[in-house]
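Asks: Mind looking over this structure? Questions follow.
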Amino acid sequence: MKLKELFSAHDMTVGPPWKRIMEFAVPMLIGNLAQQLYNTADSIVVGHYVGDNALAAVGSAAPILNLLLALFVGVSTGAGIVISQNYGAGNREKLSESVGNCITLAAIASLITMVLGVTVTMPMLRLLDTPASIIDWSGGYLHIIFWGVAGCAFYNILSGILRGLGDSVSALAFLLLSTVLNIGLDIWFVAGFGMGVPGVALATVLAQGISAVMCLLKLLWMRDIFDLTFSTLRLRRDSALRIVRIGVPSGITQAIMSLAMLVVQSLTNSMGETVIACNVIIMRVDGFAMMPNMTFGQAMSVYTGQNVGAGKLDRVDQGLKEGTAMAVGFACTITVCLLLFGKYMFDLFTDTPELIELAYRMMRIMAGGYITIAVTQVLGGIMRGAGDTVTPMWISLFTTIGLRVPVAYILAWLTRCEAWPNGRPEALSISLLVPWVMGAVISAIVFRRGSWRRKMEQSALI
């Protein structure tokens, strides 16, 4: 494949499904891993140069950040699916309109999120009983992130457009560049200038802004596929509503999951700074472990969307078999790596032996769940690509709210002891494993019922 072709849109409606999926998924996987490095680099740098409390401060901010970024998730998901379907159908006018409307929606979403984030950050941290030793650091970190949230908004949504066009390589290249910059700025601001927690927040904002600019420039150079003018930027009722309608369930899912994380974060906070820092380490490693599953879910959405747009519905079933096999294979490899090398990964974040041992115990509980997540993500990705974003939303809501939160609090109550008066921290890991397994079972049952196929057939007629 020539270099120019590598950095261009890819048609996933022709050729072997496994090959098209893999060509798309591998660059996106590397990109997702690179994006995970943003927060991970923040945690490693503050953990080593400032201390465990700073590590806990950055981690305790994550649920609030994820909650308020839910709007981006919704618009980005809607953008990817609508763009992929219009591209698969070969409809240049609709594609141009969709791209322009996505960019305008990104601007609106960033403005709303900035105002909300700056306003509610400190009240939410107090509501969660964030320890006094870290609350100011957490608040300062979040304020800087939200003031510069436009970079995050535009990168997520513009990269969603590129992925919808089948171009996961360009988004990867821009993200790798900004990730290297982010890590360099982290070390420079914290170790060099002694800026502490605010330094890693500022580094993240600057790096994300650069990746967003690069994505925009790439879209401006793709005039052979669509038109990007002031006219296409104007919100069109039908186009904007379709993007929002498809994306809102994913945004709601993200918001509800983040709310559940906030509720569980309150339980985590009650166990003390050590458990908070331990949970941060686990979630950072979990972010990397989850990336292959999330990547195959996104790849299957784009693959399904393009083939639905082209009216090639038979390729969806073929892609299901081959995509599931690849996703499960990756998940098994990740699980083995976690069990064998997990403890060495935790060494990157802290030099405290007790913290490393606790994190490893908790991660071993979660390790097997990544295989079930692979199944859930592939099935959910196909349903979303077919236009059915509501069913995956309800599955996520049930497993997150109906299972994770009750399991966490019940197990914490049952495991109270003198050493752990508010419950053992392993309860937090088990509360993740249970909904992961149940999510795969429920997704398989719902998928076999086939109601999503009606959505797919309707989308093919649009």
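The values are calculated or read from the model by the stated rules, or taken from the named source; none is laboratory data. Keep in mind that this is a model prediction, so the values were computed, not measured. As a convention, Cβ positions derive from the backbone with ideal geometry for all residues, glycine included, and neighbour counts pool all protein chains shown. Only protein heavy atoms, including side chains, enter the accessible area calculation; ligands, DNA and RNA are left aside. Shrake-Rupley method; radii C 1.70, N 1.55, O 1.52, S 1.80 Å.
Asks: Looking at Phe296, Gln318, Asn269, which one has the Cα that reaches farthest to the positive end of the dipole of region 263-326 (charges on Cβ: Lys, Arg +1; Asp, Glu -1)?
Replies: Positive-most Cα among the choices belongs to Gln318.
Asks: What does the C-alpha gyration tensor say about the overall shape of the chain? Classify as rounded when a/c is under 1.5, otherwise prolate if a/b is larger than b/c, or oblate.
Replies: It comes out prolate by the Cα gyration axes.
Asks: Rounded to the nearest 500, what is the chain's calculated 222 nm mean residue ellipticity when only DSSP H runs of at least 4 contribute -39500 (n - 2.57) each, over all residues?
Replies: Counting only the DSSP helices, I get -28000 deg cm²/dmol.
Asks: Sorted by packing (mean other beta-carbon atoms within 10 Å per residue), highest first, where do 19-29, 95-105, 437-447 land?
Replies: Highest mean packing first, the order is 95-105, 19-29, 437-447.
Asks: Net charge within 13 Å of Met345 by Cβ-Cβ distance, Lys/Arg positive one each and Asp/Glu negative one each, not counting Met345 itself?
Replies: Net charge around Met345: +1.
Asks: Can you give the direction-averaged projected area of the convex hull of the alpha-carbon atoms in region 140-296, in nm²?
Replies: Approximately 11.6 nm², given one-decimal rounding.
Asks: Highest first, please rank the peptides 289-300, 153-164, 357-368 by the mean number of other Cβ atoms sitting within 10 Å of their residues.
Replies: Output ranking for 289-300, 153-164, 357-368: 153-164, 289-300, 357-368.
Asks: Rounded, prolate or oblate, given the Cα gyration tensor of region 327-398, with a/c below 1.5 counting as rounded?
Replies: The shape class here is prolate.
Asks: May I pose another question? For the chain, with every protein chain kept in place, what is the accessible area per residue (1.4 Å probe, Å²)?
Replies: Roughly 40 Å² per residue, with all protein chains present.
Asks: Restricting things to alpha carbons, tell me how big region 152-194 is in terms of Rg and Dmax, in Å.
Replies: Gyration radius and largest Cα-Cα distance of region 152-194: 13.7, 43 Å.
Asks: Here's something else I'd like to know. From the Cα gyration tensor of region 178-258, with a ≥ b ≥ c the square roots of its eigenvalues, which class applies: rounded if a/c is under 1.5, or else prolate if a/b is larger than b/c, or else oblate?
Replies: Here region 178-258 falls in the oblate category.
Asks: So how tilted is helix 17-49 from the main axis of the chain? Cα-based, degrees 0 to 90, rounded to 10.
Replies: 30 degrees
Asks: Could you give the dipole magnitude of the chain about its Cα centre, charging the beta-carbon of Lys and Arg +1 and that of Asp and Glu -1, in debye to the nearest 20?
Replies: My answer is approximately 1460 debye.
Asks: When Lys and Arg each count +1 and Asp and Glu each count -1, what net charge do the other residues less than 14 Å away from Leu433, Cβ to Cβ, add up to?
Replies: +1
Asks: While we're on this one: Within the accessible area of the chain, what % is carbon and sulfur when the probe is 1.4 Å and the other protein chains stay in place?
Replies: Answer for the chain: carbon and sulfur cover 67 percent of the accessible area.
Asks: Once the Cα atoms of helix 92-127 and of the chain are each reduced to a long axis, what angle between those two axes, in degrees from 0 to 90 to the nearest 10, is obtained?
Replies: Tilt of helix 92-127: around 10 degrees.
Asks: Here's a follow-up. On C-alpha positions alone, give me the angle between the axis of helix 197-220 and the longest principal axis of the chain, in degrees, nearest 10.
Replies: The two axes meet at around 10 degrees.
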